[in-house]
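A short write-up of the structure that comes next.
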Amino acid sequence: MSDKEKSRVNVWLVIGALVLIALLLLWLTMADLFGDTDVAAMITV
């Protein structure tokens, strides 16, 4: 790979990581707003 191709891959990697972080924050915010933050309550044994 040339340096230009590596740079392009790194840019997309950073963009993907930022999108995943944003989705995680959105998911946690929505769970907090709905009061559904007790993960252990979903486990039925």
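More than 10 Å from the chain's Cα centre (by Cα), open to solvent by 80 Å² or more (accessible area, probe 1.4 Å) and at pLDDT 80 or above: is that true of residue 33 in this structure?
Details: more than 10 Å from the chain's Cα centre (by Cα): yes; open to solvent by 80 Å² or more (accessible area, probe 1.4 Å): yes; at pLDDT 80 or above: yes.
Yes, satisfied.
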Starting from region 22-38, take each residue that is of a type outside the set (A, V, I, L, M, F, W, C) and list its partners that are assigned to a helix (DSSP H, G or I), counting only C-beta distances under 6 angstrom and pairs at least six apart or across chains. 37/31
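The values are calculated or read from the model by the stated rules, or taken from the named source; none is laboratory data. Quick caveat: nothing in here was measured; it's all calculated off a predicted structure. Every residue, glycine as well, gets a Cβ built from its backbone with ideal geometry; the counts of neighbours run over all protein chains shown. These area figures cover heavy atoms from the full protein model, side chains too; ligands, DNA and RNA do not enter into them. Shrake-Rupley method; radii C 1.70, N 1.55, O 1.52, S 1.80 Å.
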